[in-house]
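See structure below.
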Amino acid sequence: MLLLLQATQAADSVQVAADELMKEAIANADGLDKLSLITQQLIDFGIRAGERILIAVLVFVVGRFLISLLNKFIRRLMDNRKVDVSIKTFVRSLVNILLTILLIISVVGALGVETTSFAALLASAGVAVGMALSGNLQNFAGGLVILLFKPYKVGDWIETQQGSAGTVKEIQIFHTILTTGDNKLIGSLSSGVVINYSHQETRRVEWIIGIDYGEDYNKVQQIVRDILAEDKRILNEPAPFIALHALDASSVNVVVRVWVNSGDYWGVYTNKAIYETFNEKGINFPFPQLTVHQGN
């Protein structure tokens, strides 16, 4: 592409000199000679414009091909070096945008537009666009912070300040792409508060169980301990915690807290062993009741 641009610039210098000679010839000609020279000049202009358009198309096609090759090379290089998936997606996105901008400048230069003035115009426009897109620039900075400090990575389940939650699929320059539990894609902002549910190796599971007033609390506590001891996914350290939580309007609430590996969280949380065992042991679950006294 650089050779094509240099050849185009050299041809422009020669053409400028030829145009000056043509102008002098038109100025000195009369009548039909002047009309013939003007017609010839228009034909030459059309030919030059066609050549520039052809060169610009060629630069674009070659540029897209080279960008594709370079992206594949970078992808293979990072795969061979076993770079973190989060960094892979970010670098590919950044390189693709930068190369596309360079390609646009090259195509504009091939069309005959002075690239130095175009660059100055682009810089001025960049300041205005930067002010208008200050939020996206913050997201860009947030993306760099994510790569440096890694508060989350591809594969983690996170929840954002905006209320979005899902598994991290890609970390791009301005956005983090999430896949929700119902398989939707969400472009979440890279800045703001993020809750990472996958970063720690262990998580705490908590249940609050309501039992009838009058039930033997010690019996309930022992039944719960036996249920927890049978589940091998529940960790012994920290030890399970069982305590009286509250005396509610219609129930005595018992809180149960256990620690599990992060991958076992939902399996343990949705375990129905407590419900089935309480029914077998005759432990009653309460429901709201209302006592009405009728006056005489």
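The values are calculated or read from the model by the stated rules, or taken from the named source; none is laboratory data. Computed from a predicted model, the values in this text were never measured in an experiment. Cβ atoms come from the backbone with ideal geometry, glycine included; neighbour counts cover every protein chain shown. Surface accessibility is based on the protein's heavy atoms, side chains included, excluding ligands, DNA and RNA. Shrake-Rupley method; radii C 1.70, N 1.55, O 1.52, S 1.80 Å.
At a glance:
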item: Cross-chain or 6+ apart pairs with Cβ under 7 Å, segment 46-64 first and closer than 11 Å to Leu111 by Cβ, then not in a helix (DSSP H, G or I); result: Arg52/Leu111; Arg52/Gly112; Ala56/Leu111; Val59/Met1
item: Filter result (loosely packed, with under 13 Cβ neighbours inside 10 Å and either touching a Gly at 6+ places or on another chain (Cβ under 9 Å) or of a type in the set (Ser, Thr, Tyr) (or both)) within segment 55-83; result: Ser68
item: Residues of segment 84-106 classified as within 18 Å of the chain's Cα centre (by Cα) and open to solvent by 40 Å² or more (accessible area, probe 1.4 Å), total; result: 9
item: Residue tally, condition open to solvent by 40 Å² or more (accessible area, probe 1.4 Å), at pLDDT 65 or above and outside any loop (DSSP other than H, G, I, E, B), over segment 139-185; result: 7
item: Residue that is at pLDDT below 75, more than 24 Å from the chain's Cα centre (by Cα) and not in a helix (DSSP H, G or I), where the choices are Asp12, Asp19, Asp44, Asp30; result: Asp30
